[in-house]
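Colleague: One structure coming up, written as structure tokens, with questions to follow.
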Amino acid sequence: MSNVLTGIRVLDFGRYIAGPYCATVLSDFGAEVIRIEKLAGSEDRYITPLKEDQTGDGGLFMQMGQNKKGLTLNPMKPEGREVVKRLVKTADVVVANLPIETLEAMGLDYESLKAIKEDIILTHGSAFGDEGPYKNRVGFDGLGQAMSGAMYLSGSNGEPRKLYGPYVDFTTALMGAIGTMAALRHRDMTGEGQVINTSLFGSSVLISSVSLMEQAMLQLNRVGTANRAQGAGPADTFKTKDGWVLVQSLGWPLFERWTKLIGEDHWLSDPRFKTDQSRGDHNEILSERMAKWCAERTTKEALAEMDAVRLPCGPVMSPQEVLDDPHLKAMGQLTEIEYPGFDKKIPVSELPIKMSKTDTKLKRRAPTLGEHTDEIMKSLGYSSEEIADLRQKRVI
């Protein structure tokens, strides 16, 4: 299979998820990605340690660093700035989710990059974008969840609730990857580079946009209802004899199947349940009835009966149950990799896109700290003596 970004070089100055995973997606499509880290390792290398003694490279870097080469560099020193210049001359894309002041200090702002290579593409992610009163603020995924209405509407009894998984970060990373590939296509057509700006706040607002539209138009001032949907029903989590299940009944056909399943088909003529929204407005009644039905069954029994009538449902699974799930294994979504210093293989997620003519499979584990520094420096024209001198000066 071909790799559509073969021949494209990406410099990944990113941190944590939004920048690094953008570069990871590009690497999955064949780009050569060089991850540039601090000499002691960037902070995100050590997040979620996978050893009992809580040391060594962590799970976040294992996922973000796949298919990349690793270079350590201090770009704040004059010699480091020269290395940056040489790298940029060989690159097509620079990815950096850093504050604009930091980019300028490192010589990675667009004007500085463009002076080195006219058609360079800069993919710049930040917490709040480069315009507006919040542009200089820093932040993580949680700020996007908090400031988009999502945490407010996901809470209950007046207490907001953040989703454990960093969905805002990953959405921002994907927006960056899409924008970068579009910019590469634009460059093919015109010869021009450009800047792609993404933000956590922008991504979070996109995800919450329907709720924001409703508020703008109807001023309903909804409050949080935890797992219970506000515009359909029954759509909630329910306790069974031995666990929990999620049920999602959206649209009349599914509501009809559900009423017949639980023996309440007289509700089909009840005006309270005529539309998705009216069912959402009376969701406490529907959830209470479904809770009773689920409480009388095991998770396996409840799922089997709902599956039989094609009602969307699923078990609420622990991380271990996810790892043990037979369908996940059949999909091949997780690939077990060997990594130096670990005595067992680590399950890393593949890109969840499969293409019939393009290879998106994981090809290389994440690099150890500075693993490819010498190789990359030699490719830039540095001699072994110069590399040793730069290492002694703590530039690389």
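Read-outs: derived from the displayed coordinates by stated rules, not from any lab. Note that the coordinates shown come from a computational prediction; the quantities given were computed from them, not determined experimentally. Counting neighbours? That spans all protein chains shown, and the Cβs are built from the backbone with ideal geometry, glycine included.
Colleague: Arranged from highest to lowest average of other beta-carbon atoms within 10 Å per residue, in what order do the peptides 124-131, 41-48, 262-269 appear?
Modeller: Going from most to least packed, we get 124-131, 41-48, 262-269.
Colleague: Please list the non-local residues whose amide H lies under 5 Å from the amide H of Asp109, H modeled 1.01 Å from N, same-chain partners needing a gap of 5 or more.
Modeller: Glu104
Colleague: Also, I was wondering about something else. I'd like the distance separating the alpha-carbon centroids of segment 172-218 and segment 281-329, in whole Å.
Modeller: 35
Colleague: In the chain, which whole DSSP H runs stretch at least 27 Å along their own axis (Cα) and average 0.0 or higher on the Kyte-Doolittle scale?
Modeller: Passing helices, by number: 167-190.
Colleague: Moving on to the next point. Grab the Cα-Cα distance for Thr368 and Ala146, subtract it from 0.36 nm times how many residues apart they are, and report the gain in nm with one decimal.
Modeller: Net length gain for the segment: 76.5 nm.
Colleague: Still on this structure, I have one more. If R0 is 25 Å, what FRET efficiency do you get for Thr6 and Ser349 from their C-beta distance, rounded to 0.05?
Modeller: Rounded to the nearest 0.05, the efficiency is 0.65.
Colleague: Let me ask something else. Count of lysine pairs in segment 235-316 with Cα atoms under 18 Å apart, counting only pairs 8 or more residues apart in sequence or on different chains?
Modeller: Lysine pairs meeting the criterion: 7.
Colleague: First check a/c for segment 131-178, with a ≥ b ≥ c the square roots of the eigenvalues of its C-alpha gyration tensor; if it is under 1.5, answer rounded, and if not, answer prolate when a/b is larger than b/c or oblate otherwise.
Modeller: Cα axes put segment 131-178 in the oblate bin.
Colleague: Using the 10 angstrom Cβ neighbour count as an exposure proxy, how do Arg185, Arg297 rank, fewest first?
Modeller: Arg185, Arg297
Colleague: Name the residues whose placed amide hydrogens come within less than 5 Å of the amide hydrogen of Trp244, ignoring near sequence neighbours (fewer than 5 apart) on the same chain.
Modeller: Amide H to amide H, under 5 Å and 5 or more residues apart or across chains, Trp244 pairs with Val316.
Colleague: Could you give log10 I(q)/I(0) at q = 0.17, 0.18, 0.24 Å⁻¹ for segment 235-316, computed by the Debye formula over C-alpha point scatterers of equal weight, without solvent?
Modeller: Summing over Cα pairs of segment 235-316 leads to -0.60, -0.68, -1.20.
Colleague: Let me ask you something else. Report the FRET efficiency, 1/(1 + (r/R0)^6), for Leu39 and Phe170, where r is their Cβ-Cβ distance and R0 is 30 Å, rounded to 0.05.
Modeller: Efficiency computed from Cβ-Cβ geometry: 0.60.
Colleague: Further, regarding this structure: Could you derive backbone 3J(HN,Hα) for segment 366-374 from the dihedral phi with the Karplus parameters 6.51, -1.76 and 1.60 (θ = phi - 60°), listing whole Hz in sequence and x where the residue is Gly or Pro?
Modeller: Rounded to whole hertz, the list is 4, x, 5, 4, x, 4, 10, 4, 4.
Colleague: Which peptide among 75-83, 54-62, 159-167 comes first, and what is the full order, when sorted by highest mean count of other Cβ atoms within 10 Å?
Modeller: Output ranking for 75-83, 54-62, 159-167: 54-62, 75-83, 159-167.
Colleague: How are the C-alpha pair distances of segment 101-191 spread across 10 Å bins, as whole percents from the shortest bin up?
Modeller: 14, 33, 31, 15, 6, 1
Colleague: Rounded, prolate or oblate: pick one for segment 1-124, where a ≥ b ≥ c are the square roots of the eigenvalues of its C-alpha gyration tensor, a/c under 1.5 means rounded, and failing that, prolate if a/b is larger than b/c, else oblate.
Modeller: oblate
Colleague: Can you bin every Cα-Cα distance in the chain into 10 Å intervals starting at zero and give me the percent of pairs per bin, rounded to whole numbers?
Modeller: Here the calculated profile for the chain is 5, 19, 25, 23, 16, 9, 4, 1, 0.
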